[in-house]
Amino acid sequence: MTELLTLHLDGIERWKGRTGAMVQRLSDLSPVWEQGDVAFRAEMDEQFQTEGAYLQGGAKWAPLSPKYARYKLRHYGDLGILVRSGRLWQSLAHPGIDHVKDISADSAVYGSTVSYGKYHQTGTAKMLRRK
């Protein structure tokens, strides 16, 4: 009986060693968060290319007002909704100066430092919300 108990305890020690290594690997998720940034940027790129339909179940962003659509076409060309200079799109879809990627062992934040991006999320008195 003692031998069986010893084998059992040896098995527990082996299991603890294996799970300890797994717990150690899971204590730093930064490699996973790095891949999360790649996925985030791909989704943001697709969101802009589909004018919102990708992450909103096929529903596109609200159209531009006819007056602004004419102005934008005349001054900037046919760039699509939420794209004038491309800065916001670039900051969300590509690594660079305005792209936010703050990764630690147990958390990650992705986004943009482009200040006007928040107005597209919330809308304004003069502009419809386009999440």
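Where a number appears in this text, it was derived from the coordinates with a stated rule and is not lab data. All values derive from a computational prediction rather than experimental measurement. Cβ sites come from the backbone with ideal geometry, for glycine too, and all protein chains shown count toward neighbours.
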For Val100, the residues 5 or more places away or on another chain with a placed amide H closer than 5 Å to its own amide H are Gly111, Ser112, Thr113
For region 83-131, the dipole about the Cα centre with charges only on Cβ (Lys and Arg +1, Asp and Glu -1), to the nearest 20 debye, works out at 440
Computed FRET efficiency, Cβ-Cβ of Ser30 and Thr122, R0 35 Å: what is it to the nearest 0.05? 0.65
Gyration tensor verdict on region 42-86 (Cα atoms; rounded if a/c is under 1.5, prolate if a/b is larger than b/c, oblate otherwise): oblate
Less than 27 Å apart at the alpha-carbon level, and either on another chain or at least 8 residues along: which lysines does that give for Lys101? Lys60, Lys118, Lys131
Backbone N within region 107-131 under 14 Å of label point (7 Å from Leu79 Cα along the Cβ vector): 116-117
